[in-house]
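The values are calculated or read from the model by the stated rules, or taken from the named source; none is laboratory data. As the structure is a prediction and not an experimental result, all values here were calculated from the model. Quick reminder, even Gly has a Cβ in these numbers, built from the backbone with ideal geometry, and neighbours come from all protein chains shown. SASA here: full protein model, heavy atoms, side chains in, ligands and nucleic acids out. Shrake-Rupley method; radii C 1.70, N 1.55, O 1.52, S 1.80 Å.
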Number of protein chains: 2
Amino acid sequence: MIDQVEENFRGMWRELLPVGRYEATGGYRRHAWTTADGECRAWFREQALKRGLTYEVDRNGNQWAWYGDPAAGDAIVTGSHLDSVPDGGAYDGPLGVVSAFAALDALRERGTATGGRPLAIVNFGDEEGARFGVACVGSRLMAGVLEPGHARALRDQDGVLLGDAMERAGHDPFAIGRDDDRLGRIGAYVELHVEQGRNLGDAPVGVASAIWPHGRWRFDFHGEANHAGTTRLEDRRDPMLAYAATVLNAREQARLAGALATFGKISVEPNGTNAIASRVTAWLDSRAADSDTLDMLVKEIIEQSGAEVTRESFTPVVEFDRPLRDRLAARLGGVPVLPTGAGHDAGILASAVPTAMLFVRNPTGVSHSPAEHAEEADCLAGVTALASVLEDLL
Amino acid sequence: MIDQVEENFRGMWRELLPVGRYEATGGYRRHAWTTADGECRAWFREQALKRGLTYEVDRNGNQWAWYGDPAAGDAIVTGSHLDSVPDGGAYDGPLGVVSAFAALDALRERGTATGGRPLAIVNFGDEEGARFGVACVGSRLMAGVLEPGHARALRDQDGVLLGDAMERAGHDPFAIGRDDDRLGRIGAYVELHVEQGRNLGDAPVGVASAIWPHGRWRFDFHGEANHAGTTRLEDRRDPMLAYAATVLNAREQARLAGALATFGKISVEPNGTNAIASRVTAWLDSRAADSDTLDMLVKEIIEQSGAEVTRESFTPVVEFDRPLRDRLAARLGGVPVLPTGAGHDAGILASAVPTAMLFVRNPTGVSHSPAEHAEEADCLAGVTALASVLEDLL
């Protein structure tokens with residue numbers, strides 16, 4: 001790779017690394033429409049302007065930087081997101097945006113003609129859903145799979161409406177909604193992302209085949225509050241016991257099914273040391289390679305639990321565009337082609353435009369954590385691969 | 001019982017029932033030094049003044065109402081507390097205070113001479129420890145078993161210091177501490193309390209023999225935050241699994257030991273639906289009839305857990321004053337004499353003065369819950385019993 005491109009790449013990382021980093025954990029808290037998110041967005045705008053790209057914010061708050069005529073149509077779009085989960089890592093999201101700018105730099109350095117197709121770099125807003133509970137808000141709104149009124153009415157844990165948070169950050173919440181004009185101008189979307197499960201083995205880069213179907217279910221375990229120091233065991237209705245049995249059963253059933261099941265979030269009432277809980281609410285995240293496996297797994301977990309269960313979200317399997325994915329894999333010379341359990345904006349866009357993903361190796365498999373890491377050499381291999389497939393497509 | 005006494009008793013309940021009641025749950029939130037607590041305290045003062053009693057607040061914020069000369073010494077003291085756990089019931093605490101006033105009314109109605117011993121009614125502050133995490137703060141400070149500097153530095157969940165909360169409520173936090181003068185003037189303390197475990201059977205009233213040794217232990221289960229959708233089961237370090245196994249093991253070990261073990265409070269980091277937890281912190285409340293059983297039980301639970309465990313509090317067994325307890329039981333004609341697993345101000349005072357407790361039947365065994373209940377007939381039997389033992393002691 002050309003030295004200047006590498007230097008730009010490292011410079012972009014240096015600028016982004018301190019933004020929204022929480023000292024106590026070393027993780028990132030770049031939640032949608034917060035100050036930290038605003039700093040990330042200002043950084044994106046600056047990158048666009050200093051490269052002489054056409055900068056714009058679409059009606060849903062997603063940021064775009066265009067090389068070539070935005071109105072020409074059949075554009076090749078690449079990018080990802082800059083927001084994070086609570087105490088997330090540095091790479092999930094930003095690697096795709098930084099790599100997009102670096103890949104464009106590489107193409108321009110080597111004087112690649114675009115063949116008339118415009119190239120756009122995108123930062124989709126609110127991908128993680130960390131603040132308002134719904135993931136991929138920016139891309140969902142654009143694709144018309146999230147109703148604007150519903151989005152505006154989402155609240156964060158302090159009760160702030162998404163619509164109000166948007167407005168305070170300077171974006172009109174009544175402009176949001178399906179953006180057919182913009183979708184119609186996209187010929188293909190390619191998102192580069194750090195791989196999140198140690199699945200690439202010896203390969204620094206891979207191509208995504210599919211996103212596993214996945215969903216979240218709320219389990220309400222009902223019991224009866226009582227004094228922990230005086231209530232005989234046989235008189236108790238302690239929902240913590242049913243919760244504990246469900247956690248262990250979910251793990252075992254997931255193992256048997258070759259799938260994933262996780263309880264990572266819990267809320268207990270009254271949550272007092274000397275009080276038997278009256279209610280335990282816990283959220284199951286479950287994913288599997290196909291819908292039948294997932295359905296069966298979740299059904300088994302629910303039946304054993306005795307809880308009152310509500311499905312809060314569900315995303316069916318996403319198969320990425322076969323011709324595009326094959327073209328990328330061929331261009332990159334036989335890299336691994338693999339599915340992922342994680343949702344992405346690419347998964348949303350796949351329903352509207354030909355979409356593909358590149359993965360960069362994650363040596364530890366750790367993600368959504370301050371410990372998330374990718375080797376610089378692998379990241380640079382990712383930039384090279386992205387530049388190569390963009391060159392092929394343009 | 002004399003009609004007027006019953007009417008006063010019902011009147012006192014009617015006045016107290018709305019104070020600090022949380023409509024959504026029907027439970028009480030009368031936490032130390034809050035507005036609701038202040039209303040309870042104003043009610044106590046009013047009860048004292050309208051009966052012509054000598055009202056005072058001691059240096060630790062406990063309220064006293066004296067019938068007879070407070071300085072005479074060898075006083076008989078009765079009472080309890082008015083604060084509550086989060087969403088607690090109406091009886092835990094207030095029943096002892098209301099019954100104390102009603103018993104005094106009964107003694108005065110029937111013209112019982114006091115034999116020269118003064119009678120005091122007390123409302124101990126912050127018995128439940130719901131706000132600052134330490135139970136029986138008022139009685140502990142008085143007895144010198146809680147260091148004043150340590151008490152002032154306790155914080156509630158909003159970070160407010162106990163010292164500051166006291167001061168805002170109009171009490172000097174630098175006045176608190178061991179009160180030997182006051183302790184020296186107490187001849188005996190008798191606390192009436194609702195029973196909390198359905199242990200009285202057919203008897204409306206019983207006498208306490210002892211308080212089980214009890215304590216709380218913090219369990220920190222350490223793991224590694226990671227993406228719930230991409231991390232292979234075999235690559236996970238999910239502390240929720242160890243927590244769940246510990247909850248079930250604690251219950252089983254407690255059953256085998258004929259003791260109690262409860263996990264009712266939990267805190268998870270980062271507590272995200274799609275994140276494997278990095279840390280689960282949970283609190284074990286455990287109690288047994290004797291210290292050896294409790295030690296062995298907690299040791300077994302800790303060893304299996306793999307957690308980092310910190311003992312946050314421990315109260316050794318309390319045996320109530322044998323002559324006093326036998327005198328009460330004889331006076332009441334063979335009522336049940338039984339231990340309890342719950343801590344009380346009486347347990348604190350027992351180390352300093354002859355102390356006893358009366359229990360009023362709890363038909364469901366439910367306590368620390370909005371559903372806590374005692375039948376009015378049983379409560380009135382409690383007043384009669386309390387009046388009878390006071391008459392005997394005075």
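Shape call for the stretch A:1-148 from the C-alpha gyration tensor, a ≥ b ≥ c root eigenvalues: rounded (a/c under 1.5), prolate (a/b greater than b/c) or oblate? Cα axes put the stretch A:1-148 in the oblate bin. Which residues in the stretch A:185-228 have a backbone N closer than 14 Å to a point placed 7 Å from the Cα of A:S351 along the Cα-to-Cβ line? The answer is A:213-214. Ordering B:162-175, A:119-132, A:221-234 by mean Cβ neighbour count within 10 Å, with the highest value first, yields A:119-132, A:221-234, B:162-175. Could you let me know the centre-to-centre spacing of the stretch B:219-257 and the stretch A:192-242, using Cα atoms, in angstrom? After rounding, the separation between the Cα centres reads 11 Å. Between amide H atoms placed 1.01 Å from N, distances below 5 Å from B:A356 occur with B:Y189, B:V190, B:E191, all of them 5 or more places distant or on a separate chain. Take the Cα of A:E376, step 7 Å toward its Cβ, do the same at A:D321, and the gap between the two points is 3.5 nm.
Buried accessible surface for the B/A pair, both sides summed and rounded to the nearest 100, is 5200 Å² with a 1.4 Å probe.
Carbon and sulfur: what percent of chain B's accessible surface (1.4 Å probe)?
Working: 6700 of 14270 Å².
Carbon-and-sulfur percentage of accessible area, whole number: 47.
In a DSSP loop and with at most 12 other Cβ atoms within 10 Å, there are no GluC sites (Glu not before Pro) in the stretch A:37-102. Relative to the longest principal axis of the Cα atoms of chain A, the long axis of helix A:291-305 makes an angle of roughly 30 degrees. Projecting the Cα atoms of A:W283, A:A242, A:L332 onto the charge dipole of the stretch A:221-335, computed from C-beta unit charges around the Cα centre, puts A:L332 farthest toward the positive end.
Dipole check for chain B: with +1 at the C-beta of Lys and Arg, -1 at the C-beta of Asp and Glu, and the Cα centre as origin, the magnitude is about 60 Debye. Taking 0.36 nm per residue of separation and subtracting the current Cα-Cα distance, fully stretching the chain between A:E109 and A:V134 would add 5.1 nm.
Can you give the FRET efficiency to the nearest 0.05 for A:D392 and A:R255, using r as the Cβ-Cβ distance and R₀ = 30 Å? Using R0 = 30 Å, I get an efficiency of 0.15. Averaged over the residues of peptide A:85-92, the number of Cβ atoms from other protein chains lying within 10 Å of each residue's Cβ is 3. For B:K299, the lysines whose Cα falls under 24 Å of its own Cα, not counting residues fewer than eight places away in the same chain, are B:K265. If you take the Cα centroid of the stretch A:291-331 and the Cα centroid of the stretch A:343-394, the two points sit 21 Å apart.
Which value, in debye to the nearest 20, describes the size of the charge dipole of the stretch B:293-394 about its Cα centre when Lys and Arg Cβ atoms bear +1, Asp and Glu Cβ atoms bear -1, and nothing else is charged?
That gives a dipole near 280 debye.
For the pair A:L161 and B:D69, label points projected 7 Å from Cα toward Cβ lie 7.0 nm apart. Summarising the label geometry, the points placed 7 Å from Cα in the beta-carbon direction at A:D202 and A:D180 lie 5.1 nm from one another. Counting Cβ atoms of other protein chains within 10 Å of each Cβ in A:233-240 and taking the mean gives 5. Within 10 Å of the Cβ of each residue in B:127-134, the mean number of Cβ atoms contributed by other protein chains is 1. In a reduced charge model with +1 at each Lys and Arg Cβ and -1 at each Asp and Glu Cβ, the stretch A:194-254 shows a dipole moment near 80 debye about its Cα centre. Backbone amide hydrogens, once placed in the peptide plane, bring A:A135 within less than 5 Å of nothing, excluding anything fewer than 5 places away on its chain. The angle separating the long axis of helix B:322-331 from the principal Cα axis of greatest extent in chain B is about 60 degrees. Rounded to the nearest 10 degrees, the angle from helix B:35-50 to the longest Cα principal axis of chain B is 10 degrees. Ranked by the mean number of other Cβ atoms within 10 Å of their residues, highest first, the peptides A:339-351, A:284-296 fall in the order A:339-351, A:284-296.
Ordering B:T273, B:T230, B:F263 by Cα displacement along the dipole of the stretch B:215-315 toward the positive end leaves B:T273 in first place; charges were set at the Cβ atoms of Lys, Arg (+1) and Asp, Glu (-1).
Just so you know, the Cα atoms of the stretch B:215-315 work out to an Rg and Dmax of 14.6, 48 Å. Take chain B with all the other protein chains still there, run a 1.4 Å probe, and you get 36 Å² of accessible area per residue. Computed from backbone phi, the HN-Hα couplings of the stretch B:214-222 come to 8, x, 10, 10, 8, 9, 9, 9, 9 Hz, rounded to whole numbers (Karplus: 6.51 cos²θ - 1.76 cosθ + 1.60, θ = phi - 60°; Gly and Pro given as x).
Taking every DSSP beta bridge that has both ends in the stretch B:215-315, the antiparallel portion is near 100%. With the helix formula -39500 (n - 2.57) applied to DSSP H stretches of n ≥ 4, the protein assembly as shown reaches a computed 222 nm mean residue ellipticity of -10500 deg cm²/dmol.
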